[in-house]
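Read through the structure below, which is laid out as structure tokens, and then see the notes.
The values are calculated or read from the model by the stated rules, or taken from the named source; none is laboratory data. Remember, predicted model here, so these are calculated numbers, not experimental data. Here Cβ is always computed from backbone atoms with ideal geometry, including for glycine, and neighbour counts include all displayed protein chains.
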């Protein structure tokens, strides 16, 4: 008899806006969505069993002439941090873009 293995179901949620989703994937993966509670930023969703929060941090330094990531509300964003209850973190960093001038 042939058995067909079904992909495991992973339930996801956003602790900020309450959005939910479900994926079926064998390989390790993550899920992102555009979160209205995080100013329209693309933020990670968390596995249903994870106790954590997702926070976007605005740049607190002077931007000057740097090309920085700007949120849809026009404010510069430094990073998005997933803070787990056990004290571990994941960070998605929006680093400024470097520029160079010169002759080739």
Task: Boolean, residue 63 is within 25 Å of residue 96 (Cα to Cα), surrounded by 10 or more Cβ atoms within 10 Å (Cβ to Cβ) and modelled with pLDDT under 90 - done: yes
Task: Any hit, the range 20-29, residues being surrounded by fewer than 11 Cβ atoms within 10 Å (Cβ to Cβ), modelled with pLDDT of 95 or more and over 30 Å from residue 99 (Cβ atoms) - done: yes
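Yes or no, residue by residue, for (1) out of contact with any helix residue (DSSP H, G or I) (no Cβ under 9 Å at 6 or more places or on another chain); (2) free of Cβ contacts under 8 Å to residues at least 24 places away in the same chain:
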{"site": "5", "(1), (2)": "yes, yes"}
{"site": "11", "(1), (2)": "yes, no"}
{"site": "18", "(1), (2)": "no, yes"}
{"site": "22", "(1), (2)": "yes, yes"}
{"site": "40", "(1), (2)": "yes, no"}
{"site": "53", "(1), (2)": "yes, no"}
{"site": "67", "(1), (2)": "yes, no"}
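Name the strands (runs of 3 or more DSSP E) wholly within the range 15-67 that hold at least 1 residues that are closer than 20 Å to residue 86 by Cβ and within 10 Å of the chain's Cα centre (by Cα)? Spell out how you get there, then give the answer.
Working: elements: 20-24, 32-35, 41-44, 52-58.
Result: 41-44, 52-58.
Of all residues in the range 68-100 being farther than 20 Å from residue 36 by Cα, surrounded by fewer than 10 Cβ atoms within 10 Å (Cβ to Cβ) and at pLDDT below 90, which is farthest from the chain's Cα centre (by Cα)?
So the first thing to find is which residues in the range 68-100 are farther than 20 Å from residue 36 by Cα, and the list is 68, 84-90, 95-100.
With surrounded by fewer than 10 Cβ atoms within 10 Å (Cβ to Cβ) added as a condition, the list becomes 85-88, 97-100.
Cutting the leftovers down to at pLDDT below 90 gives us 97-100.
Working: 97: 19, 98: 23, 99: 26, 100: 29 Å.
This residue is 100.
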Open item on the list: Is it the case, given these coordinates, that residue 81 is part of a strand (DSSP E or B) and touching a helix residue (DSSP H, G or I) at 6+ places or on another chain (Cβ under 9 Å)?
Closed with: no
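For the range 1-14, which positions are touching a strand residue (DSSP E or B) at 6+ places or on another chain (Cβ under 9 Å) and either over 23 Å from residue 80 (Cβ atoms) or part of a loop (DSSP other than H, G, I, E, B) (or both)? Walk me through it before giving the result.
As a first pass, look at the range 1-14 and keep what is touching a strand residue (DSSP E or B) at 6+ places or on another chain (Cβ under 9 Å): 6-14.
Across the range 1-14, the qualifying residues are 6, 7, 8, 9, 14.
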